Number of protein chains: 2
Amino acid sequence: MKAFSRQSINPCIIATQYAVRGKLVLEANGIQKEIEEAKKKGKTNPYPFDKVVYCNIGNPQICNQQPLTYPRQIISIVEYPELLNHTSFFPKDVINHAKKIINSLGCTGTSGAYTNSMGVVQFRKSICKFIKRRDGTAPSPDEVFITDGASTGIKMILNMLISHPLHGIMIPIPQYPLYSAAISQFGGFQINYYLDESKKWSTDMTSVRKVYEQAVEKGIQVKGFVCINPGNPTGQVLTVQNMKEIIEFCYEKKICLLADEVYQENIYGEIPFTSFRKVLKSMRDEVKNTVELVSFFSVSKGFYGECGKRGGYFQIENINSFARSQMYKMASINLCSNVIGQEMVEIICNPPKEGDESYPKYINEKMSILNSLKRKAKLLHSVLNECEGITCNEAMGALYLFPKIKFSNKYIDECKRKDQQPDEVYCLRMLKSIGVCVVPGSGFGQKDNTYHFRIAILPPENEIQNIANKIKIFHTSFMKEYDH
Amino acid sequence: MKAFSRQSINPCIIATQYAVRGKLVLEANGIQKEIEEAKKKGKTNPYPFDKVVYCNIGNPQICNQQPLTYPRQIISIVEYPELLNHTSFFPKDVINHAKKIINSLGCTGTSGAYTNSMGVVQFRKSICKFIKRRDGTAPSPDEVFITDGASTGIKMILNMLISHPLHGIMIPIPQYPLYSAAISQFGGFQINYYLDESKKWSTDMTSVRKVYEQAVEKGIQVKGFVCINPGNPTGQVLTVQNMKEIIEFCYEKKICLLADEVYQENIYGEIPFTSFRKVLKSMRDEVKNTVELVSFFSVSKGFYGECGKRGGYFQIENINSFARSQMYKMASINLCSNVIGQEMVEIICNPPKEGDESYPKYINEKMSILNSLKRKAKLLHSVLNECEGITCNEAMGALYLFPKIKFSNKYIDECKRKDQQPDEVYCLRMLKSIGVCVVPGSGFGQKDNTYHFRIAILPPENEIQNIANKIKIFHTSFMKEYDH
């Protein structure tokens, strides 16, 4: 038997699923290619649309969101410091910031060298200052690991926690499928706790405690509790009260809290973002000083949307020094995260200040992106709720809506007979009819007999109304066809 | 028990070792810090040297190797395309190449978006052309995965092959410790085959077959055979004859060949580099069309030395489409490798051609780096061999020397009594005496009762003679002290 024969490949990897880039997207890529090739050959476009609109993923810059000027100018200079001889090109604060970064990059000032395994120490200090502005207190740079996006850090932490099929990680349902994928890859046990759709996707502690007890009865050792706030795919923002309950639960059960806070700067509703770290620090001493917390941040989201840079960090609280040395070792095996991603994290955490030459432009770019996201979230939310058979919570934060579709029993039965997922068939039809690529709810997990899809709110503002209308028309016709 | 208590952390991770950034380097960092702090406070430097010379790692740009101008100019423009309005700054071919890259990056032309999970398809096409120039035949872009450095790809492949403690991977001893670390992390079985120091570190097929049989007798299922060519830490370059024997062995035993070829452009001796792919393609049909081969490349090494970019690729041969779809899924979970690293791979594989405006400068930079490396390798090799009790093979390629030290029995016994590694004590003493940081042979594996260290040939040319002299003086005094 060959090493890469189907029977020989790691079965945990075969079992792993990741729908965000799964079947729907491969289909979408195929369609896009067909359209382009027809165009090239002067043939008729076989589809009733000109291009696929990718709403399957939070990838803002592919949807025409422009990169922020300030970090790009700095990175450009650091890559080619010759540009420092042409200072008239760049604002003064850009030049100064670039020089600071160059000075941080060891004696030779180049982004081409491996850095400290945890990331450049001066960059980690900027992250600590960013956290201090946010939480009122600063962590130590020794508690910060800069990573290639948030994903790498999340996988490292789960890899450390899981070493047996009975090691359990609690994840919200619906969830971002990196979590289920990583648990499956490392051969752990996935414990689903359900977010309450009827209460704006809040965390229902009764459900949490119930599934915990059920897992323990099965002999599972529960090691991690994942919380995504603001929620992906669900867009909720947790109240401080809800967060305190979660922390108390983790304290009581000695579970490490994994706080996925990558959407912390994407807030559109009335509840402000509060970090788990800040809430933890406000609690009584025995809680504050013991609950193990890992918080994740990424430059891919927020108003910066620099997905391609693969920059992020995780910051730890109450993790003992032995475990920290193991994290250092794991980071070392990859030598370091990519240095330009590290620079991007530093710049996002250390933006222009009032009075700086770049400040007005930076704030203008930032606010116009955030305001546009807010308008798009509201528009899509309102149009989706106009569709008969769709109900959809508002996006209080993050970059997605997760509408629920009420299909007819007739349609559901038909899908079952054909061994198909009702939401997957729906999304595939949407893709082929109007060229909008969304991800079926089954890719994120959903309560039995409920059906959803995730749609990113990212298409350009001049297209979003049209996309919303097309979805409404598609939906109406789809529902009619199946006698809904 | 808390989730991150010592008893709770994944024991495979605790067991993992990675000496290249281990004890010696932490010690070196501490010393460097002490020196800097003494300087700041106006106190006397507690060490007899001004700075630590890091020879522990192949990190050229930290040792003053200047980045190549051509790729840096292109990346700078892609990051901030406003620079295209100042065309007088850049050579024409740089402008054109930058525009091509921008056009490859989706409709929006930005490095800030996630790409295809395998990397930008146009970049993969450039890689295929690079391979064609090297091997005479081109692979398909579907057989190329762009990764964050070579390490990520190597770990992905090993993760797919290992799912049981009896799954074995054959690795050379001495080896680059990423392999032992990854095998340990994934809970597999490490099978050591020995390189023959007396025959210029060539691969001894008798040893290979012997350890294979021993492993099979123990019930091990052998899945992978790792070959590092040019060798790390050993610097050998394999002959085509030796490569054919290795491929025959993999064919016969149905083992996947992992060819670590990241030093393919670092050649200093008479044997030219030949890729395993090229040798495979030259063999008879049943071998050519069946042996599973994965070859790794990195922008961190060669004459480019862009370690911080974390760019690399792996290219596969004879891997079935199911396994390939699993690789695609694994790559998708991390979304994509960092885009600037991808750009760097593309640029290295698609350098200026004769007649292009940048060509003379590019060739000049390339040749002066390669010639300098060659001179440094020869100088260090010759001084080390002058040391009494040291024998050292030449570096035919790569970036390291791996000298053997013959310690006295008295010294070895003393170390054993103190539960110390003789080579580690030696390296630690070297660090504290002369500030040169090297890695003990035990970090790479060595035959029992032999002792080595790995030294990178990277220090700047105006320092290398001085460093070599210091090592010689240190070594002489160390050996004297222990009555050698």
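Tabulated values for the structure
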item: Near pairs, Cβ below 7 angstrom, 6+ apart or cross-chain, from region B:93-122 (at the interface with another protein chain (Cβ under 10 Å from one of its Cβ atoms) and free of Cβ contacts under 8 Å to residues at least 40 places away in the same chain) to any residue that is surrounded by fewer than 16 Cβ atoms within 10 Å (Cβ to Cβ) and not in a loop (DSSP other than H, G, I, E, B); result: B:GLY109/B:ASN103
item: Some residue of region B:240-263 being more than 19 Å from B:VAL294 (Cβ to Cβ) and in contact with a Lys or Arg (Cβ under 8 Å, 6 or more places away or on another chain); result: no
item: Every residue from region B:300-315 that is more than 9 Å from every other protein chain (Cβ to nearest Cβ) and either of a type outside the set (S, T, N, Q) or surrounded by fewer than 23 Cβ atoms within 10 Å (Cβ to Cβ) (or both); result: B:LYS301, B:GLY302, B:PHE303, B:GLY312, B:TYR313, B:PHE314
item: Matching residues, region B:459-484, being more than 30 Å from B:ASN371 (Cβ to Cβ) and touching a residue at least 60 places away in the same chain (Cβ under 8 Å); result: B:THR476, B:MET479, B:TYR482, B:ASP483, B:HIS484
item: Any hit, region B:371-388, residues being over 28 Å from B:GLY445 (Cα atoms) and in contact with a helix residue (DSSP H, G or I) (Cβ under 8 Å, 6 or more places away or on another chain); result: yes
item: Those residues of region A:267-284 which are under 20 Å from A:GLY136 (Cα atoms) and within 19 Å of the chain's Cα centre (by Cα), in sequence order; result: A:ILE267, A:PRO272, A:PHE273, A:THR274, A:SER275, A:PHE276, A:ARG277
item: Residues of region A:447-484 satisfying the condition of being in contact with a helix residue (DSSP H, G or I) (Cβ under 9 Å, 6 or more places away or on another chain), surrounded by fewer than 20 Cβ atoms within 10 Å (Cβ to Cβ) and either among the polar types (S, T, N, Q) or not in a helix (DSSP H, G or I) (or both); result: A:LYS447, A:ASN449, A:THR450, A:PRO460, A:GLN465, A:ASN469, A:SER477, A:TYR482, A:ASP483, A:HIS484
item: Cβ pairs under 6 Å, 6+ apart, first in region B:52-71 and under 22 Å from B:LYS33 (Cα atoms), second small (Gly, Ala, Ser) and crowded, with 24+ Cβ neighbours inside 10 Å; result: B:CYS55/B:ALA456; B:GLY58/B:ALA456; B:ASN59/A:ALA113; B:PRO60/B:GLY305; B:GLN61/A:GLY112; B:GLN61/A:ALA113; B:GLN61/B:GLY305; B:ILE62/A:ALA113
item: 2 or more residues more than 14 Å from chain A (Cβ to nearest Cβ) and modelled with pLDDT under 95: qualifying helices (runs of 4 or more DSSP H) within region B:158-256; result: B:205-217
item: Residue count, region B:70-95 (criterion: crowded, with 20+ Cβ neighbours inside 10 Å and part of a loop (DSSP other than H, G, I, E, B)); result: 2
item: Residue ID - surrounded by the most Cβ atoms within 10 Å (Cβ to Cβ), chosen from residues in region A:420-446 that are touching a Phe, Trp or Tyr at 6+ places or on another chain (Cβ under 6 Å) and assigned to a loop (DSSP other than H, G, I, E, B); result: A:VAL438
item: Boolean, B:ASN449 is modelled with pLDDT under 95, over 25 Å from the mean Cα position of the chain (by Cα) and assigned by TED's automatic domain parsing to the domain that holds B:GLU386; result: yes
item: One residue from A:GLU343, A:GLU265 being in contact (Cβ under 8 Å) with a residue 12 or more places away in the chain, within 26 Å of A:ILE57 (Cβ to Cβ) and in a helix (DSSP H, G or I); result: A:GLU343
item: Condition met for B:PHE407 (within 20 Å of the chain's Cα centre (by Cα) and not hydroxyl-bearing (Ser, Thr, Tyr)); result: no
item: Answer from A:THR44, A:THR69, A:THR16 - the residue that is closer than 30 Å to A:GLY441 by Cβ and not assigned by TED's automatic domain parsing to the domain that holds A:ASN266; result: A:THR16
item: Subset of region B:1-54 [part of a loop (DSSP other than H, G, I, E, B) and away from chain A (no Cβ under 14 Å)]; result: B:LYS41, B:GLY42, B:LYS43, B:THR44, B:ASN45, B:PRO46, B:TYR47, B:PRO48, B:PHE49
item: Tally of residues being part of a helix (DSSP H, G or I) and either in contact (Cβ under 8 Å) with a residue 12 or more places away in the chain or within 15 Å of B:CYS349 (Cα to Cα) (or both) across region B:286-321; result: 5
item: Unmet criterion (only one of (1) in contact (Cβ under 8 Å) with a residue 12 or more places away in the chain; (2) at negative phi; (3) outside the structural domain of A:HIS475 (by TED's automatic domain parsing)) for A:LEU335; result: (2)
item: Tabulated pairs, region A:76-87, first facing chain B (nearest Cβ under 7 Å), second of a type outside the set (Gly, Ala, Ser) and assigned to a loop (DSSP other than H, G, I, E, B), C-beta under 6 angstrom, 6+ apart or interchain; result: A:SER76/B:TYR80
item: Which numbered condition B:ASP148 misses (of (1) under 21 Å from the mean Cα position of the chain (by Cα); (2) not assigned by TED's automatic domain parsing to the domain that holds B:GLY219); result: (2)
item: Whichever residue in region A:290-299 is among the hydroxyl-bearing types (Ser, Thr, Tyr) and touching a strand residue (DSSP E or B) at 6+ places or on another chain (Cβ under 6 Å) and, among such residues, is surrounded by the fewest Cβ atoms within 10 Å (Cβ to Cβ); result: A:SER295
item: All positions within region A:90-120 that are closer than 23 Å to A:MET330 by Cβ and modelled with pLDDT of 95 or more; result: A:MET118, A:GLY119, A:VAL120
item: Any hit, region A:407-426, residues being touching a residue at least 12 places away in the same chain (Cβ under 8 Å) and on the phi > 0 side of the Ramachandran plot; result: no
item: Residue within region A:231-246 that is over 15 Å from A:LEU195 (Cβ atoms) and among the acidic types (Asp, Glu) present; result: no
item: Residue selected from region A:350-378 under the condition in a loop (DSSP other than H, G, I, E, B) and among the acidic types (Asp, Glu), by the criterion surrounded by the most Cβ atoms within 10 Å (Cβ to Cβ); result: A:ASP356
item: Filter result for the condition that a residue is surrounded by fewer than 21 Cβ atoms within 10 Å (Cβ to Cβ) and either touching an Asp or Glu at 6+ places or on another chain (Cβ under 7 Å) or not in a helix (DSSP H, G or I) (or both), over B:PRO139, B:PRO67; result: B:PRO139
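The values are calculated or read from the model by the stated rules, or taken from the named source; none is laboratory data. Keep in mind it's a predicted model, so treat the numbers as computed, not measured. Cβ coordinates were reconstructed from backbone atoms using ideal geometry, including for glycine residues, and neighbour counts include every protein chain displayed.
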